[in-house]
Amino acid sequence: MSLVQDVVDSVAHQCARVVGQVVPKSMITTAKVANEEGGTQLLTGIGIGLAVAGAYAYMNKAAPAVAATAPAPFSPVVVAGKKDVETEAKTEASSTLSLATVRERRNRFAVQINRGDDTGYQCSHFLRSGGEVEEMLEQYELYLKDRTYHHLGYPYNLEFKGEILAPFLQFSINNLGDPFVESNYGVHSRKFELEVLDFFAAIWKIPRDEFWGYTTTCGTEGNLLSIIYGREKLPDAVLYCSKDSHYSVPKAGNLFRIPVVLVESQMSGEMDYDDFRKKLKENAGKPAIVSINIGTTVKGAVDSLAEVKSALADNDFTAENTFIHCDGALAGLLLPFAGESEVANSASRLFQVSFEKGVDTISVSGHKMLGCPMPCGVVITKKQHMKRFAKTVEYLNSTDTTIMGSRNGQASIAMWVALQQKDGIEGLKADVSLCFRNARYLLGILREAGVSSFLNKYSTTVVFERPPPACVKRWQLACTGNIAHVVVMPSCDQAKLKAFVDDYLQCMTEHALAGGGRPDIAGEIGAENCPPFTPSKHSRSTSPAP
C-alpha cells in the first residue's frame, strides 16, 4: 500500500475517533506545497486532511447547546507545514517575515496596561534616541500595512490615495467656528469645506439658501449635534431610537439630559414600528425627537422613514412637535447611489431619505465609504435649527454653531479630494455597486460552506457565526454575542474575502476538532438563514490564506 493511501486511511481513522463520525475518504486531500527553500514536497494530509475532513464532520454533526458567549480560545493554526496566515499579508513588509516577527510587532504596538515600573514621574521613560525614533516609526508603518490588509470587521474604506495631501500636513489648518463665517484665523480650508457641504446638500435635496452644516470629526459628532438641535427646538421632548441604533444616539440623550426611549428592533435590525407606535402612545403629549438608522451598526439595517412618519401621524404628531434625525454614518452614502439591481426592487424608494421628505438633520461619515485617512464626517440641517443654537464669539470673530471649537481643516480637504478622485456621483455609484456585488459573493461562499449567515437587502454588512478569538483578532472582526460581521467596502476585493473564508473555516474546524461547538444564531438571524451543510458544494482551497 502506498504512503499516500496509508495516510488517507490514518486521517479517516483519526477523524472518526475525534469527531465520532465516519468521514468519506474522498474528502481527504493531499497537496504539493512549496517549502521555504523553494523546493516542493508531497505533504500528505494529516493536517490538511483533518481540516478539510473535519469540516465535513463538523458541519454535519449536531451542534451542542452553547451559551451566548465567545467560543473557547485556541492557538493560531499551523497546518502541515503551511505558514500561519499572519505571515502572509500581501505587503512588501511582511511577506518574508517569520511568524514570530509579525507577532512581536503586533504585540509591540498593542495597548499595554502593565508597563513595568509605573512609580514616579520620569519623562525619561518616554524619550527615545534619534535612531530609536526612526526605527520605531519604520516598524509602526510595517505594522499598519499588516493590520490594514487583515481588516474586514469595521466600515472603513482603506483605498484612499493620500499622497496628494502630504504638502498640507506642514500647516496647522483649523476651520474653527462656523464654516460660513470666516474668523480672524486665516489658515483654514473653508472653501473646500463649503464645496463638500454643497455636494451633500444636493444629494439630500435641500436648497443652498436653506441648509447649514459643517464637516465633523466623525459620525458621532453629527449625531450629537443633531440631538442637541432637536432639544433646542423641543426642550421637553423624548428621544426615540431603536435598540440597534449606534451607541452614540442614547449617549447623546444622556449627555443632554433628554429622556431616552429604546424601541424594539425586528430580527433584521430594522425598527419595530408596532413597538414604536406603542411607545409613542405611552408618552402621549410629549414632543418627539426620533433618530432613524440608515444602516445599523451590527446588521446594516435601514429604518423606513415612511413607516416612522406614518406612526407619528397616527399618534397626532406634526412637524411642529417632532424632530427627525437620520444617522447615515455608512449607508448614507450607499442608498443614494444604489440602483435597482443592487436593492432588488422599487420598494427601496421607501427607505430613501431627503429633506424633501421632512427630515431635520442627516449625518454621514467621511472615513467610511469615502475612505478619508482620518475620522471625519458631514452633518446637514436646516438653517432655522442652527439659528436657535448660534452664539457670537468675539474672540473668534465667528459664530459658535458647532459641537467643537477648533475643527480639523485637513478633513475638509481630504473629503474634497476623495470626491474629486471618485469623479463625484459616478464614482460613488461604481463603488456602491461593487460593494453590493462583493457582499453577495461573500454571503454565497459562506452559505456554500454551510455557515449560518445573513445579509440585509439594503446593506453590505454580512453577518455570520462568531469564530474563535484568534480569527476575530486576526481579521479585526466586530462581534456581538454569538455573531460576527464583515462590512464589505470598496477595499475588500473577492480575493481577500475568499482568503478570509478559507481561514475562517480552518479556524472553526480546528475549534470543533478540539471539542468546541458551533454557536446557534438562528434566534439572531432567523432559522431560514442557517442552511444545512451540503458536502458536494464545499470546495475549500488548500492554499494558505493571505
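Looking only at segment 233-257, which residues are more than 26 Å from Met386 (Cβ to Cβ) and in a loop (DSSP other than H, G, I, E, B)?
Those that are more than 26 Å from Met386 (Cβ to Cβ) and in a loop (DSSP other than H, G, I, E, B): Lys243, Asp244.
Which condition number does Gly481 fail, the rest of (1) surrounded by fewer than 22 Cβ atoms within 10 Å (Cβ to Cβ); (2) on the phi < 0 side of the Ramachandran plot being met?
(2)
Can you name the number of the only condition in (1) in contact with a Leu (Cβ under 9 Å, 6 or more places away or on another chain); (2) surrounded by 24 or more Cβ atoms within 10 Å (Cβ to Cβ); (3) modelled with pLDDT of 95 or more that Leu333 fails?
In the conditions (1) in contact with a Leu (Cβ under 9 Å, 6 or more places away or on another chain); (2) surrounded by 24 or more Cβ atoms within 10 Å (Cβ to Cβ); (3) modelled with pLDDT of 95 or more, Leu333 misses (3) alone.
Out of curiosity, is Arg103 under 22 Å from Pro469 (Cα atoms), at pLDDT below 90 and not in a loop (DSSP other than H, G, I, E, B)?
yes
Identify all residues within segment 389-404 that are surrounded by 14 or more Cβ atoms within 10 Å (Cβ to Cβ) and not polar (S, T, N, Q); write none if there are none.
Within segment 389-404, Phe389, Ala390, Val393, Leu396, Asp400, Ile403, Met404 meet the criteria.
So which residues in segment 509-528 are within 24 Å of the chain's Cα centre (by Cα) and either outside any loop (DSSP other than H, G, I, E, B) or of a type outside the set (A, V, I, L, M) (or both), if there are any at all?
Arg518, Pro519, Asp520, Ala522, Gly523, Glu524, Ile525, Gly526
Identify all residues within segment 273-302 that are over 30 Å from Cys435 (Cβ atoms), of a type outside the set (Lys, Arg) and outside any loop (DSSP other than H, G, I, E, B); write none if there are none.
If the condition is that a residue be over 30 Å from Cys435 (Cβ atoms), of a type outside the set (Lys, Arg) and outside any loop (DSSP other than H, G, I, E, B), then Asp274, Asp275, Leu280, Glu282, Ala288, Ile289 are the ones that fit.
Across segment 349-388, what is the number of residues that are of a type in the set (A, V, I, L, M, F, W, C), surrounded by 24 or more Cβ atoms within 10 Å (Cβ to Cβ) and over 24 Å from the mean Cα position of the chain (by Cα)?
Final tally of qualifying residues: 1.
Please specify each residue of segment 258-272 satisfying the condition of being assigned to a strand (DSSP E or B) and touching a residue at least 40 places away in the same chain (Cβ under 8 Å).
Across segment 258-272, there are no qualifying residues.
Looking only at residues that are modelled with pLDDT under 90 and among the β-branched types (Val, Ile, Thr) in segment 106-134, which one is farthest from the chain's Cα centre (by Cα)?
Checking each candidate, the answer is Thr119.
Can you find a residue in segment 468-476 that is at pLDDT 95 or above, more than 24 Å from Gly328 (Cα to Cα), within 14 Å of the chain's Cα centre (by Cα) and surrounded by fewer than 22 Cβ atoms within 10 Å (Cβ to Cβ)?
Looking for residues that are at pLDDT 95 or above, more than 24 Å from Gly328 (Cα to Cα), within 14 Å of the chain's Cα centre (by Cα) and surrounded by fewer than 22 Cβ atoms within 10 Å (Cβ to Cβ), one finds at least one in segment 468-476, hence yes.
Where in segment 350-457 are the strands (runs of 3 or more DSSP E), entirely inside, with at least 2 residues that are more than 25 Å from Lys299 (Cβ to Cβ)?
Once the strands (runs of 3 or more DSSP E) in segment 350-457 are filtered for at least 2 residues that are more than 25 Å from Lys299 (Cβ to Cβ), what remains is 377-382, 391-393, 398-400.
Conditions (1) in a helix (DSSP H, G or I); (2) farther than 16 Å from Asn408 by Cα; (3) modelled with pLDDT of 95 or more, marked per residue:
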site: Met136; (1), (2), (3): yes, yes, no
site: Glu141; (1), (2), (3): yes, yes, no
site: Asp146; (1), (2), (3): yes, yes, no
site: Leu158; (1), (2), (3): no, yes, no
site: Trp212; (1), (2), (3): no, yes, yes
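Which of the residues belonging to segment 222-237 are buried (at least 20 other Cβ atoms within 10 Å of the Cβ), more than 23 Å from Pro375 (Cα to Cα) and of a type outside the set (Lys, Arg)?
Gly230, Ala237
The values are calculated or read from the model by the stated rules, or taken from the named source; none is laboratory data. This structure is a prediction, so every number in the text was calculated from the model and none was measured. We place every Cβ from the backbone using ideal geometry, glycine too, and count neighbours over all the protein chains shown.
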